[in-house]
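Bear in mind that the values in this text are calculations on the coordinates, not laboratory data. Values in this document were obtained by computation on a predicted structure and should not be read as measured data. When we count neighbours, we look across all protein chains shown, and the Cβ atoms used for this are built from the backbone with ideal geometry, even at glycine.
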Amino acid sequence: MMPEEPRPEDEDATCARAILTMLAAGGSIPGLSRPAYTLHAPAEPLVPVLIAVPHAGRAYAPGLLQRMRHAEDTPRRLEDRFVDVLAREVAMRCGAALLLAQAPRAMIDLNRDPRDFDLGMFSGSDDEKAAMRRGMPRGGAQSARAMRGLGLFPRRLSGIGELWRGPMRPVEALHRIAAVHAPYHDALAAQIAAIREQWGAALLVDFHSMPDLPHGGGADGPATHVLGDRFGGSCGRDVLAAGLAGLAAAGVQSAYNRPYAGGYALERHGAPRDNIHAVQIEIARSLYLDKALDRPGIGVARQAAIMAQVVLAMADIVGAAGAAWPQAAE
């Protein structure tokens, strides 16, 4: 299991922070006596917001690392490296709930449909493979993303190639889904429902990080922050507009849905017609990690301040809609 990094101290001593308390832990990481996720929140949440971090888990079972072809590089390449440190600071600044995946993305990708896997990864009997195929959508058709190696169980990465020394048994895949993926999304759904019950509306902010985007040739340079809402499918237009305006006010280069529009978390949990909004935020890792892109750096405080203002701007819109919801329903 890789060591946890202490949370860097914030440079802004005047910024008020809520104290987050762990409310729950659930699921289990195969091969470790560790929960698959932890849920944290202040005693009295100040906003109708759940911040979720699905790709920063660092609880690696020894057996998982032993099966990797390149255990020194693969975890770092797959992880949204230490973006949970940034997300925790944002949640404290906003007084929001925080759901952290502890299981690593190398084990299972929590931002993928549980049926979106590559059948070529599995060994076993014909009956076992047939059972896996029946659980897939479209009569067993594989998605383009899974065939590229980035499905529910990551298989290959550009610059590294195949990630695993051998195939996986179907029973192991089903165990990971039941122990990690299902409990995480059940907890996410339950927390969103609780927030909506209290506030009349809820906002899910799915935190991710990205490598620096290539320069497109424009005068302003590449985007360092990307907001995604499944092309309008997971979040109200006014909520998303408030987030983009917040990024513009901070003077950063942002993009909308390109190249990241959001994944399974937004598809499953976003329901703007029911006052449940879901947005994905991608942040360039070079902005908050050290020069080696390995550990949290001095940029954490600045990015936390920016992202807290963006989240609060969106939360204001969601909160106002929630306050009007009972009257609209009547």
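Note down the nm distance, to one decimal, between modelled labels 7 Å out along Cα→Cβ at Asp212 and at Ile19.
Spacing of the two 7 Å Cα→Cβ label points: 4.1 nm.
If each DSSP helix of 4+ residues adds -39,500 (n - 2.57) and the sum is divided by the residues in the chain, what number results at 222 nm, nearest 500 deg cm²/dmol?
On the way: 10 runs with 111 residues, N = 330.
Computed mean residue ellipticity for the chain: -10000 deg cm²/dmol.
Evaluate E = 1/(1 + (r/R0)^6) for Leu119 and Ala71, where r is the Cβ-Cβ distance and R0 equals 22 Å; express this FRET efficiency to the nearest 0.05. Can you show the working numbers first?
Values: r = 25 Å, r/R0 = 1.13.
Once rounded, the FRET efficiency stands at 0.35.
Take each of the peptides 229-235, 148-154, average the number of other beta-carbon atoms within 10 Å over its residues, and list them starting from the highest.
Numbers: 229-235: 19.1, 148-154: 21.1.
Order by mean packing, descending: 148-154, 229-235.
From the Cα gyration tensor of the range 259-330, with a ≥ b ≥ c the square roots of its eigenvalues, which class applies: rounded if a/c is under 1.5, or else prolate if a/b is larger than b/c, or else oblate? Provide the component values of the computation, followed by the final result.
Details: a/c = 4.91, a/b = 2.05, b/c = 2.39.
Since a/c reaches 1.5 but b/c is at least a/b, the shape of the range 259-330 is classed as oblate.
When all C-alpha to C-alpha distances in the chain are sorted into bins of 20 Å, what percent of pairs does each bin hold, rounded to whole numbers?
Over the chain, the share of Cα pairs per 20 Å bin runs 32, 59, 10, 0 percent.
Subtracting the Cα-Cα distance from 0.36 nm times the residue separation, let me have the gained length for Asp127 to Phe231 in nm, one decimal.
Details: separation 104, 0.36 × 104 = 37.44 nm, distance 3.91 nm.
My answer for the length gained is 33.5 nm.
Please report, in debye to the nearest 20, how large the charge dipole of the chain is about its Cα centre when each Lys and Arg carries +1 at its beta carbon and each Asp and Glu carries -1 there.
Working: 35 positive and 36 negative charges, 212 e Å.
About 1020 debye.
What does the C-alpha gyration tensor say about the overall shape of the range 80-224? Classify as rounded when a/c is under 1.5, otherwise prolate if a/b is larger than b/c, or oblate. Mind showing how you got there, number by number?
On the way: a/c = 2.20, a/b = 1.32, b/c = 1.67.
Since a/c reaches 1.5 but b/c is at least a/b, the shape of the range 80-224 is classed as oblate.
Calculate the spin-label point distance for Ala245 paired with Leu174, positioning each point 7 Å from the Cα along the beta-carbon direction, and give it in nanometres.
Calculated label separation equals 5.1 nm.
Restricting to Cα pairs below 8 Å that are 6+ residues apart, what does the relative contact order work out to for the chain? Please round to a whole percent.
Numbers: 665 pairs, mean separation 69.1, N = 330.
The normalised contact order for the chain reaches 21 percent.
Compute the Cα gyration tensor for the range 26-90, then decide on rounded, prolate or oblate, letting a ≥ b ≥ c be the square roots of its eigenvalues: rounded whenever a/c is under 1.5, prolate when a/b is larger than b/c in the other cases, and oblate in all that remain. Numbers along the way, then the final one.
Details: a/c = 4.00, a/b = 1.84, b/c = 2.18.
Oblate shape, in that a/c is at least 1.5 and b/c is the bigger or equal ratio.
Using the Kirkwood radius over Cα pairs, work out the Stokes-Einstein diffusion coefficient for the range 233-297 at 20 °C and 1.002 mPa s, in µm²/s as a whole number. Please report the intermediate quantities before stating the final value.
Details: Rh = 13.4 Å.
Stokes-Einstein gives a translational diffusion coefficient of 160 µm²/s.
Given a Förster distance of 45 Å, report the FRET efficiency between Arg165 and Leu46 from their Cβ-Cβ distance, rounded to the nearest 0.05. Walk me through the intermediate numbers first.
Details: r = 48 Å, r/R0 = 1.06.
For Arg165 and Leu46, the calculated efficiency is 0.40.
Through the Karplus equation 6.51 cos²θ - 1.76 cosθ + 1.60, θ set to phi - 60°, convert the phi angles of the range 35-43 into ³J(HN,Hα) values in whole Hz; use x for Gly and Pro.
x, 6, 8, 10, 10, 10, 6, x, 4
Which cross-chain or sequence-distant (5 or more) residues have an amide H under 5 Å from the amide H of Tyr37, H modelled 1.01 Å from N in plane?
The answer is Gly26, Gln102.
Relative to the compact globular guide of 2.2 N^0.38 Å, what is the alpha carbon radius of gyration of the range 134-285, as a ratio? Walk me through the intermediate numbers first.
Numbers: Rg = 18.0 Å, N = 152, 2.2 N^0.38 = 14.8 Å.
Its radius of gyration relative to the 2.2 N^0.38 Å reference: 1.21.
At 0.36 nm per residue, and after removing the present C-alpha to C-alpha distance, how many nm does the segment from Ala144 to Arg34 gain when stretched out fully?
On the way: separation 110, 0.36 × 110 = 39.60 nm, distance 3.27 nm.
Contour length minus the Cα-Cα distance gives 36.3 nm.
Based on the mean of other beta carbon atoms within 10 Å per residue, what is the order of 263-269, 62-68, 205-211, most packed first? Each step should come with its number before you reach the end.
Numbers: 263-269: 19.6, 62-68: 14.3, 205-211: 23.1.
The packing order, highest mean first, is 205-211, 263-269, 62-68.
If I build a Gaussian network model for the chain, linking alpha-carbon pairs within less than 10 angstrom, which residue out of Met307, Met22, Met92 has the largest mean-square fluctuation?
Sorting by GNM fluctuation, first place goes to Met22.
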